[in-house]
Amino acid sequence: MHSVPRTAAGPSCGCGETSAFAATQAAWRFLNNDRVLLSALVAPLRDVGRQAVGQSRADCVLLAHDWCKLDYRRHISKRDVVQLTHETDVGYELTTALLISAEDGSPLAPMEMYLKTADAIHSTRDPAPALDEHHLQQVLPTMDASSGWGLSRPIVHVIDREADSVGHFREWDDAGHLFLVRADDRRVLWRDETVLLSDIVFALESEGAFRKVREVAFQGRMAQQWVCETEVVLDRPAKRYVDGRQRRVPGRPMRLRLIVARVRDESGETLGQWLLLSNVVASTANGSDLALWYYWRWRIESFFKLLKSSGQELEHWRQETGLAIGRRLLVAAMACVLVWELQRQETPEAEEIKRILVRLSGRQMKRTRPWTAPALLAGLFVLLPILDLLGHYHGDLSQLRHLALKTIPFLDSG
């Protein structure tokens with residue numbers, strides 16, 4: 001079931017003896033079969049993650065948590081779509097926990113996936129979250145479940161600033177989980193004073209605390225990453241909604257590391273800045289490491305893009321229920337994992353197959369970037385029918401070429 005044009009009614013058929021209609025019928029039966037459990041489909045992905053972590057030389061592994069919406073407002077056949085924000089924002093909400101290497105930042109495998117519909121949250125974990133549960137409340141159960149995945153390294157949970165919540169920080173820390181979260185400009189206790197994080201950044205800059213740590217790519221060009229860090233205390237009450245009203249919930253003061261990561265161009269102009277809060281101790285990772293780990297969080301955004309606009313055309317799938325979409329999502333994720341594994345290989349054979357896949361994809365590459373994951377995925381979708389054809393064609397390949405030249409006009413004109 002690979003990528004097809006947006007207007008296709010079903011998955012494209014290979015070059016074997018099966019007709020396109022039979023392939024579509026088989027896919028429909030599989031995707032709508034109640035005996036095909038999401039917990040079973042995620043098992044091979046977790047096996048890949050365990051194996052990759054076991055081969056890593058890093059002391060820990062990263063797990064990026066994120067959410068994205070799947071836009072299906074034009075799909076009138078889907079009866080279980082949910083209104084996500086405003087009236088015309090209709091579709092499903094996808095939650096993913098993506099395993100990322102702390103050694104080189106390469107994506108490894110999605111280990112947990114949820115799909116929120118109007119009727120239920122379809123999950124790779126049993127029991128699934130409650131339908132009315134906010135997706136930030138789903139993070140702690142995923143953290144707890146991750147301890148049972150059999151990973152041989154401690155997990156650092158990396159989350160964007162939507163998770164900047166002192167109440168959740170306390171819950172995660174009390175449960176013994178390590179986290180790295182992007183923060184908003186909040187008030188904290190620093191040097192015995194209550195100040196904003198932005199005030200701390202100004203003070204650290206005036207003290208010359210920033211240090212250049214590495215070159216990074218930023219919006220298609222090379223830039224410099226500068227980092228500084230300090231310790232802050234979160235002592236303010238948490239805010240929770242109880243019976244529809246916001247209430248203040250006191251909690252223990254919590255010491256966290258504040259890492260300020262900046263990206264500058266060659267002239268010294270600041271292109272971007274990230275305020276990061278973490279309970280990872282300095283003996284496990286220094287501030288430069290933590291800044292790099294958060295930089296690698298972008299891998300989950302690239303995963304969503306690979307599922308959507310750059311490979312699988314997820315938002316144009318025509319399955320009629322969220323559960324069928326969820327099953328197909330996990331199959332599509334396996335194709336992504338296959339490409340990621342090929343990306344990590346550096347053997348001469350792997351480099352050659354990468355060049356072949358890029359040629360089959362028909363995509364233009366930059367001189368400095370000979371291949372990308374979307375190009376490899378597109379090329380793979382061409383290579384698979386070719387291999388299927390070679391397995392079913394019983395004549396000599398030279399006869400096939402002769403047949404094509406003889407029957408297709410102007411094919412040999414070049």
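The values are calculated or read from the model by the stated rules, or taken from the named source; none is laboratory data. No experiment lies behind these values; they were computed from the predicted model shown. Counting neighbours? That spans all protein chains shown, and the Cβs are built from the backbone with ideal geometry, glycine included.
Details
- Condition check for residue 232: at pLDDT 95 or above, assigned to a strand (DSSP E or B) and on the phi < 0 side of the Ramachandran plot: yes
- Checking each residue in segment 121-147 for being assigned to a loop (DSSP other than H, G, I, E, B) and modelled with pLDDT under 95 picks out 125, 126, 127, 128, 129, 130, 131, 132, 133, 134, 147.
- Of all residues in segment 260-287, those that are of a type outside the set (S, T, N, Q), over 15 Å from residue 189 (Cα atoms) and part of a strand (DSSP E or B) total 10.
- Breaking point among (1) over 30 Å from residue 101 (Cα atoms); (2) in a loop (DSSP other than H, G, I, E, B), for residue 152: (1)
- Taken over segment 109-158, residues that are touching a helix residue (DSSP H, G or I) at 6+ places or on another chain (Cβ under 8 Å) and among the charged types (D, E, K, R) amount to 6.
- Positions within segment 249-304 being assigned by TED's automatic domain parsing to the domain that holds residue 217, of a type in the set (Lys, Arg) and crowded, with 18+ Cβ neighbours inside 10 Å, in sequence order: 257, 262, 264
- Pairing residues of segment 230-243 that are touching a residue at least 12 places away in the same chain (Cβ under 8 Å) with residues that are part of a strand (DSSP E or B) and among the hydroxyl-bearing types (Ser, Thr, Tyr), at Cβ distances under 9 Å and at least 6 apart in sequence or on separate chains, gives 235/194; 236/194.
- Taken together, 360, 307, 342 contain a single residue that is crowded, with 16+ Cβ neighbours inside 10 Å, at pLDDT 90 or above and under 19 Å from residue 121 (Cβ atoms), which is 307.
- Residue 151 closer than 24 Å to residue 373 by Cα and buried (at least 20 other Cβ atoms within 10 Å of the Cβ): no
- Of all residues in segment 45-95, exactly one satisfies the criterion of being over 21 Å from residue 334 (Cβ atoms), more than 15 Å from the chain's Cα centre (by Cα) and among the aromatic types (Phe, Trp, Tyr), namely 72.
- For segment 155-191, a residue qualifies if it is more than 21 Å from the chain's Cα centre (by Cα), crowded, with 17+ Cβ neighbours inside 10 Å and assigned to a strand (DSSP E or B), and the qualifying residues are 188, 190.
- Unmet requirement for residue 47, which otherwise passes all of (1) free of Cβ contacts under 8 Å to residues at least 40 places away in the same chain; (2) closer than 21 Å to residue 131 by Cβ; (3) charged (D, E, K, R): (2)
- Scan of segment 71-108 for residues that are part of a strand (DSSP E or B) and in contact with a helix residue (DSSP H, G or I) (Cβ under 6 Å, 6 or more places away or on another chain), ordered by number: 71, 92, 95, 97, 98, 99, 100, 107, 108
- Among residues of segment 19-32 that are modelled with pLDDT of 85 or more, those with a Cβ under 9 angstrom from a residue that is among the acidic types (Asp, Glu), sequence gap 6+ or separate chain, pair up as 32/320.
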